[in-house]
Structures are given as structure tokens and as C-alpha cells.
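Have a look at the structure below, then the notes.
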Amino acid sequence: MFIKKMSVLLFTALLVMGITGCGNTEKDSKDPKLLLGFSQIGTESAWRIGNTLDIEQQAENYGVGLMLENANQKQENQIAAIRRFIAYKVDVIAFSPIVEDGWDNVLKEAKDAGIPVILVDRDISTDKSDLTTCLIGADFYNEGVMAGEYLLRKADELGLEQINIVEITGTENSTPMMQRQAGFFDTIGADERMNVLESIDGDFLKSRGAECMRYLIDTYGDSIDVVFSHNDEMTIGALPEIEKAGFEPGKDIIIISIDGGQEAIDILKQGKINCVVECTPKLGKALMETALKLKSGEEVEKLIHPEEVYFSDEQDTSQIMPRGY
Ligand code: GZL
């Protein structure tokens with residue numbers, strides 16, 4: 001009996017030492033250069049999954065310790081994760097805000113804790129001058145402009161007099177949704193041929209894209225000339241609904257999408273999507289470099305926009321390289 005008790009005590013002691021690391025007298029040579037807490041929105045799209053994989057890969061490449069938490073599309077989960085990062089005293093916090101408002105309190109807590117915050121992918125409406133250090137993310141407005149400019153060229157090519165557009169938007173009050181819509185409408189708004197029948201929230205989800213398209217076809221039928229969809233996931237959900245209704249996407253209805261993932265590019269090559277505007281998820285390198293600069297007290301750029309292009313049926317799509325997400 002005594003031996004049994006001793007072995008339990010010994011096991012417990014070893015377990016505690018293992019967890020707390022108090023047994024390590026030597027500093028672990030693999031200690032990361034810094035500890036980065038990152039709150040990711042979720043796994044709603046190939047873009048998001050590609051973004052997460054890229055951040056994980058770059059953290060490894062740069063020797064950064066990464067605590068990545070998936071919020072499963074809920075702002076409250078992001079706020080809770082940021083509070084955990086503060087309690088854990090990470091060196092830098094980064095997050096992709098699912099919507100633009102509601103961050104003031106938790107960001108003030110991070111500031112009071114002396115932890116710098118990096119915005120990744122999306123922006124916030126809070127007066128962030130002293131609450132965040134920088135934004136690393138796409139120029140969503142320009143993505144909308146590229147989509148609008150494509151449609152103007154397509155309208156000229158087809159010689160259409162009136163163009164009826166339906167828009168399937170991303171998550172309401174998210175930066176990509178508001179800025180893609182603004183860029184697109186600012187670009188086509190002055191053209192009298194353009195007529196927007198309806199904008200409907202697809203929440204960047206494939207399932208919602210299908211539901212939205214079913215509703216739009218039931219409502220507007222064959223008067224729809226163009227679908228402008230804020231991301232590939234919703235576009236891919238919408239296409240079967242168009243075909244079920246007897247229309248040929250890419251021919252009877254012009255399809256314009258954003259993200260540029262492999263699946264959408266493959267569909268572009270099949271002629272069922274007409275234009276895919278790129279929104280690169282590969283923000284990990286810039287994130288790690290910025291976090292390391294903050295850790296060493298260096299100045300960082302306030303805004304880092306990756307270069308982005310578009311792909312369309314005006315090009316030789318067979319030349320498009322594998323997308324990696
Ligand atoms: C864009 C990103 C958007 C993608 C969607 O940077 O925030 O969120 O366009 C994703 O696919 O859901």
C-alpha cells in the first residue's frame with residue numbers, strides 16, 4: 001500500500017513538473033522568439049482555411065509561438081479568446097474581426113495590459129488610433145472596383161442596353177462586405193445601363209449562397225443578367241440553383257465572384273464563372289514580420305495591403321497558376 005501511494009505521488013509530481021515546466025532547469029532551446037495570440041473567425045470558406053494554414057506555416061517559418069483560436073463565426077468567442085491571450089500575457093495579439101463594431105472594451109483591456117494588437121484581414125470601426133498598431137489586409141474597395149470595371153467591359157462587349165444585377169453580399173457590417181459593395185457600386189453607378197434588382201446577405205457561406213440564389217430566381221426569374229457575389233463560397237453554392245432553373249451560368253447569367261480559390265478558378269476555366277477577383281489569404285508572412293518588429297520595439301506600417309489581380313474570360317485562363325487555397 002505504501003509503495004502504491006508513493007508511485008501515485010511520484011507520478012503526480014512528474015505530471016506537474018511537465019505541465020508547468022518547472023522541472024526544466026535549462027531554457028528550452030526551442031523557445032519561440034515571441035508568443036502571438038491569434039483569434040481566427042472560423043472555417044466558413046476555402047479562403048479562411050487557406051488563411052489559417054498560411055498563418056500557421058509562417059509562424060513555424062519565423063519561429064513564432066502561435067496560440068490560434070477558432071471563433072466559429074461568433075464575435076463573443078473572439079472577445080473571449082482575446083481576454084485569454086491577455087491573461088496568458090502573450091507578446092502580441094492579432095485577430096480578424098468578424099464585424100467592424102463591438103471591440104472597444106476588449107481592446108482597451110489589451111492596451112491596459114501593454115499588449116500590442118494587429119488587425120488581420122478585416123478592419124474595425126472603433127477609433128483605433130491608440131488601440132491597434134496596424135491593419136494587414138486586402139484593399140476590399142479595389143476588389144469591388146475590379147469587379148465593376150469587368151462588368152462595364154462585359155456590357156460593352158455584349159452590347160447590352162439594360163443590365164439587371166443581383167448582389168449576394170458577405171457578412172453584414174464586415175469590412176469586405178461594405179467595401180466590396182462600395183467599390184462595385186461606385187464603379188457602375190453612373191452607367192445608366194446598370195440596374196440593381198436586389199442585394200441579399202449570404203454571410204460568406206455556401207449554404208446561404210444557394211438559399212439566396214433560389215430566392216432571387218423565384219423572385220426575378222429570367223430578368224437576372226448578372227450575379228455579383230462577394231465570395232467564391234457563396235458563388236459555388238449559387239451555381240447549381242441557376243442550373244436547376246434551366247439557365248447556363250457564365251452564358252445566360254454573368255457570374256462575378258471574389259476570393260480566387262482553386263475551385264472557383266477551375267469553374268472559371270469551365271466557363272461557368274466569368275470573372276474572379278483575387279483576395280489573397282496569404283497574410284501570414286506580413287503578420288509574423290510585423291509582430292516581430294513590435295516585439296523588438298520597431299515602428300510598423302499602419303496599413304499593409306497585398307497586391308491583388310483579377311482573372312476573367314477575357315484572358316487565357318489555362319495560364320492561371322495553381323492557387324494554393
Ligand atoms: C476577405 C475575407 C472574406 C473572404 C471570405 O479578406 O475576410 O472572409 O472573402 C471569408 O471568403 O469568409
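The values are calculated or read from the model by the stated rules, or taken from the named source; none is laboratory data. In this text the structure is predicted, and so the values were computed from the model without any measurement. When we count neighbours, we look across all protein chains shown, and the Cβ atoms used for this are built from the backbone with ideal geometry, even at glycine.
For segment 164-212, the set of residues classified as among the polar types (S, T, N, Q) and under 18 Å from VAL277 (Cβ atoms) consists of THR169, THR171, SER174, THR175, GLN179, GLN181, THR187, SER199, listed by residue number.
Quick grid of which residues meet (1) under 30 Å from GLY42 (Cβ atoms); (2) without any contact (Cβ under 8 Å) to a residue 12 or more places away in the chain; (3) in the same structural domain as LYS244 (by TED's automatic domain parsing):
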| residue | (1), (2), (3) |
| --- | --- |
| MET146 | yes, no, yes |
| GLY183 | yes, no, yes |
| ALA190 | no, yes, yes |
| SER207 | yes, no, yes |
| ASP218 | yes, yes, yes |
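All told, VAL300 falls short of being in contact with a helix residue (DSSP H, G or I) (Cβ under 7 Å, 6 or more places away or on another chain) and closer than 20 Å to ASN142 by Cα.
Every residue, every condition in (1) more than 30 Å from VAL277 (Cβ to Cβ); (2) of a type in the set (Asp, Glu); (3) touching a Gly at 6+ places or on another chain (Cβ under 9 Å), yes or no:
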position: ILE82; (1), (2), (3): yes, no, yes
position: ILE124; (1), (2), (3): no, no, yes
position: GLY159; (1), (2), (3): no, no, no
position: GLN162; (1), (2), (3): no, no, no
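Against the numbered list (1) surrounded by fewer than 16 Cβ atoms within 10 Å (Cβ to Cβ); (2) under 20 Å from TYR141 (Cα atoms), TYR220 comes up short only at (2). Within segment 309-325, the set of residues being closer than 14 Å to GLU263 by Cα and in a strand (DSSP E or B) comprises just one member, PHE311. LEU158 passes all but one of (1) modelled with pLDDT under 95; (2) surrounded by 15 or more Cβ atoms within 10 Å (Cβ to Cβ); (3) among the hydrophobic types (A, V, I, L, M, F, W, C); which number fails? Unmet condition: (2).
Tally time: how many residues in segment 251-266 are more than 15 Å from the ligand (Cβ to nearest atom) and surrounded by 17 or more Cβ atoms within 10 Å (Cβ to Cβ)? Outline the logic, then answer.
Taking segment 251-266 and keeping what is more than 15 Å from the ligand (Cβ to nearest atom), we get 251-255, 266.
Now restrict to residues that are surrounded by 17 or more Cβ atoms within 10 Å (Cβ to Cβ): 253-255.
Adding up the residues that qualify gives 3.
Please determine whether any residue of segment 246-264 is among the basic types (Lys, Arg) and assigned by TED's automatic domain parsing to the domain that holds ALA147. Taking every residue of segment 246-264 in turn, at least one turns out to be among the basic types (Lys, Arg) and assigned by TED's automatic domain parsing to the domain that holds ALA147. Tell me, please, whether a residue that is among the acidic types (Asp, Glu) and surrounded by fewer than 15 Cβ atoms within 10 Å (Cβ to Cβ) can be found in segment 229-237. Looking through segment 229-237, none of the residues is among the acidic types (Asp, Glu) and surrounded by fewer than 15 Cβ atoms within 10 Å (Cβ to Cβ). Within segment 121-155, restricting attention to residues that are farther than 30 Å from ILE255 by Cα and among the small types (Gly, Ala, Ser), the residue that is surrounded by the fewest Cβ atoms within 10 Å (Cβ to Cβ) is SER129. Just one of the listed residues (ASP139, ASP121) is touching a residue at least 12 places away in the same chain (Cβ under 8 Å) and within 21 Å of GLY42 (Cβ to Cβ), namely ASP121. Look through segment 29-52, keep the residues that are of a type in the set (A, V, I, L, M, F, W, C) and within 14 Å of the ligand (Cβ to nearest atom), and return whichever of them is surrounded by the most Cβ atoms within 10 Å (Cβ to Cβ). The selected residue is ILE41.
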